[in-house]
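Worksheet for the structure shown next.
The values are calculated or read from the model by the stated rules, or taken from the named source; none is laboratory data. This is a predicted model, so every value here is computed, not measured. Positions of Cβ are generated from backbone atoms using ideal geometry, with glycine treated the same way; all protein chains shown enter the neighbour counts. Each accessible area value is taken on the protein alone, full model and side chains, heavy atoms only, with ligands, DNA and RNA left out. Shrake-Rupley method; radii C 1.70, N 1.55, O 1.52, S 1.80 Å.
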Amino acid sequence: MTTASHVLDRVLVLEMVRVTEAAAIAASSLVGRGDEKAADHVAVEAMREALNSLYMDGTVVIGEGERDEAPMLYIGEKVGSAIGSGPKIDIALDPLEGTTICAKAGPNALAVLAVAEHGCLLNAPDVYMDKIAVGPGYPENVIDLAKSPTDNVKALAAAKGVEPNEIIVCVLDRPRHEKLIAELRAIGCGIVLIGDGDVAGVIATTDPSTGIDLYVGSGGAPEGVLACAALKCVGGQFQGRLLFRNGDERARAARWGITDLDKKYDLHEIVRADAIFAATGVTWGNLLDGVTYKDGFVHTHTLVMNSSTGTVREVRMKRKA
C-alpha cells in the first residue's frame, strides 16, 4: 500500500517542483502587463493541471478562496489523479504570490505550494493574521506576539549578541503598519519595507544573505500557513493570531471549525506534521531568480524543502520554450 508519508518523501518532493514551475512559467508571460487578474488566472490554470497529473487524493485547504469566490483551486477542491483511492494529501497553495508585484514587474513574485498528510495543515480562513517570525538558531520563544515590537527586537538582539539598532526587520508597507514602523524607527532598527509578498518576507528570515532578522506585522492568514510550512522545513519560529474585522469574517472562521478567535498559534500548531514546501520565482528577488527566456529556452529557479529529511534543494531547470 502506498502511504501518504511515502508519497510525500519519495514522490512529491520533486513533483512539486514541476507544479510550481508550471504556474511560474504561465504567470511570467504577463509580468509587467498591468493585469493582476489575468496573471493569477493563468497561474491557477497551470497549477491545477499539474496537480491533477499527480497520483494522490489531494484536498486544497489553503487556496484561491471559498468555492463561491474562486472557480478553480478553491478551498475544499479535490485534485489529483487518484481521488478516492490514492494517498490523502492536504495542499496549501498560492499560484501567484504577489499578483500586484507580477503586474508591475516588481521583485519576489512567486508560485508557492505546500503539502502535508491529511489533517495536518491549519484550515485558515481568508482573513488577516498578525505575524511574527525569525529564522533558525535562536532559543525557543525568543519572540512572542504578546510582547511589543520593541521588546521582541531587544530579545532577538540579545540572543544574536548585537545591539537592537543592528536588527533588520521586514514589514509590509501598509498604512495599518504606520505605528509599528514608527516604533521600530524609534529604536533604530533597519526596516525592509515590501509592497507585497509576505511569504517571501517570512522566508527571508531563514537566509542570512538577505540580512533580514525578523518579520513582523499583519498579512493574509493563508500566506501565514504557507510560510510556516517553509519554516517547518528549515527551522525558525513563527507565531500568528487571526484578525477579524467584522461578523462575516467571524462566521467564516466558524465554518472552518475555529472557535477560539483570540488563539495565538505557533508554527507547529499551524503545520502539525512533516511538510514539503516549494516556491518558484516568477520575478527576480532576494530568494529566487525569476523566469527568463534565452536562446529558445525557458529558465526557472525553484526552492524545495522537506521537513522530514531537513533538506533544502535549489533546482534550476532549462527547457525548450
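Here is how the numbers come out for the structure above:
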| read-out | value |
| --- | --- |
| Subset of segment 190-222 (residues that are open to solvent by 30 Å² or more (accessible area, probe 1.4 Å), of a type in the set (D, E, K, R) and either out of contact with any Ser or Thr (no Cβ under 6 Å at 6 or more places or on another chain) or assigned to a helix (DSSP H, G or I) (or both)) | Asp207 |
| Segment 285-296 residues that are over 14 Å from Gly32 (Cβ atoms), paired with ones that are open to solvent by 70 Å² or more (accessible area, probe 1.4 Å) (beta carbon under 6 Å, 6 or more apart) | Gly285/Pro107; Gly296/Ala321 |
| Residue match in segment 133-147 (condition: modelled with pLDDT of 95 or more and either in a strand (DSSP E or B) or within 13 Å of the chain's Cα centre (by Cα) (or both)) | yes |
| Any hit, segment 245-263, residues being modelled with pLDDT of 95 or more, open to solvent by less than 40 Å² (accessible area, probe 1.4 Å) and either part of a strand (DSSP E or B) or not hydrophobic (A, V, I, L, M, F, W, C) (or both) | no |
| When residues of segment 234-244 are limited to those that are in contact with a helix residue (DSSP H, G or I) (Cβ under 9 Å, 6 or more places away or on another chain) and at negative phi, the one most open to solvent (accessible area, probe 1.4 Å) | Leu243 |
| In segment 145-177, the residues that are open to solvent by 40 Å² or more (accessible area, probe 1.4 Å), closer than 30 Å to Leu93 by Cβ and either in contact (Cβ under 8 Å) with a residue 24 or more places away in the chain or of a type in the set (A, V, I, L, M, F, W, C) (or both) | Ile168, Arg174, Arg176 |
| Segment 107-124 - residue that is open to solvent by 20 Å² or more (accessible area, probe 1.4 Å) and not in a strand (DSSP E or B) and, of those, modelled with the lowest pLDDT | Asn123 |
| Positions within segment 30-47 being part of a loop (DSSP other than H, G, I, E, B), under 11 Å from Ala109 (Cβ atoms) and open to solvent by 40 Å² or more (accessible area, probe 1.4 Å), in sequence order | Gly32 |
